[in-house]
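See below for the structure under consideration.
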């Protein structure tokens, strides 16, 4: 897969780099017992320093803490530089970055840079474990377009558990092209990180990690940026939401109350060529999307996760087991009386060179079934094939199961040639077996 109240309402200019939800949002009472919504916590921007060589340094500490996910209830959680989730890392294309990760947890973990173009030795997968009390210092030069990425643990067999306990954070890349577009870009004001996760709690308010389904740990409570039941005060005509599905197994079919429309401007891989008007967007675990919504006037609107109704080839029991029939309120957007003006969205967002399938040096096929790819389970000591750098390949992905799979490749982007996925510049995709039980996608 891959996976945010005291002092967390911090602006970009005065961030401490800590994200501590141990006692509710600063300056306001936590949600009252009548179920009223709490202000959405905004993860602070990660502190950094630049050395004489121009290298930007960040420090992350994986640690245990207690978080008020449910109003008035302390829950044991894990986080980076705080009790839950982590600060938002912000970098710029062309700069060299270096991270110092200290593991203060009672067990080994990793930090994987999900969607980041990075040397394999610094990927942060299960081959780069950090022992309790240990330190890891990856470094690389940022060389990819502006995008909304994220970081999370990736230990073999424990990724979901570590992210479920709270280890996740946003990773933003900026570049000159994105800066020139005049998109909403004031962090925490009209440019909002939104980490959506589902959780289960026991009677005492502890995270319930029992009885995972085949899809993973499916929760019955939505937690947004670390708290259940949140609202966002919208002070501008347009607001940009950088949405991450940080859940371990749940898919979300997101939209606004009243079918209020919005505009998609970016997917996992960064900005699209042009903006796309929508009323629904589906996100699988680990997937990101950037949308812009006009929410600065009129009545409040609710961002909701709607049921997946267009699943004719899956029976009701299976759909229910995988959470496809569930619906949740995610975040209420509340406009202020006199919002600030926003610039109109540009017609063209990014230039993306199309890959030419005829130049492919090889074609490969991957069949997904019963937690296996091409009939084999994951084995850290096995290499199935080797691809050459800077060559084009065409892959055919086939889902032979009766539930949806997503498909994510570390360190690369791809373009959809044909098939059920609908996003064409991406680093992950959904294969919707319930709609197309023998679905197939080709991409290069």
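The values are calculated or read from the model by the stated rules, or taken from the named source; none is laboratory data. Keep in mind that this is a model prediction, so the values were computed, not measured. Backbone-built Cβ (ideal geometry, glycine too); neighbour counts: all protein chains shown.
Data table
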read-out: Residue in the range 162-183 that is modelled with pLDDT under 95 and more than 20 Å from the chain's Cα centre (by Cα) present; value: yes
read-out: Pick from the range 356-378, criterion within 26 Å of the chain's Cα centre (by Cα) and surrounded by 11 or more Cβ atoms within 10 Å (Cβ to Cβ), ranking: farthest from residue 404 (Cα to Cα); value: 378
read-out: Residues of the range 77-97 classified as part of a strand (DSSP E or B) and within 22 Å of the chain's Cα centre (by Cα), total; value: 11
read-out: Of residues in the range 259-282 being at pLDDT 95 or above and within 19 Å of residue 329 (Cα to Cα), the one surrounded by the fewest Cβ atoms within 10 Å (Cβ to Cβ); value: 259
read-out: Of all residues making up the range 276-287, the number that are part of a strand (DSSP E or B) and under 13 Å from residue 253 (Cα atoms); value: 4
read-out: Every residue from the range 47-76 that is part of a loop (DSSP other than H, G, I, E, B) and surrounded by 24 or more Cβ atoms within 10 Å (Cβ to Cβ); value: 68, 69
read-out: Residue in the range 22-42 that is in the same structural domain as residue 161 (by TED's automatic domain parsing), surrounded by 22 or more Cβ atoms within 10 Å (Cβ to Cβ), at pLDDT 95 or above and in a loop (DSSP other than H, G, I, E, B) present; value: yes
read-out: Residue 127 surrounded by fewer than 18 Cβ atoms within 10 Å (Cβ to Cβ) and either part of a loop (DSSP other than H, G, I, E, B) or touching a helix residue (DSSP H, G or I) at 6+ places or on another chain (Cβ under 7 Å) (or both); value: yes
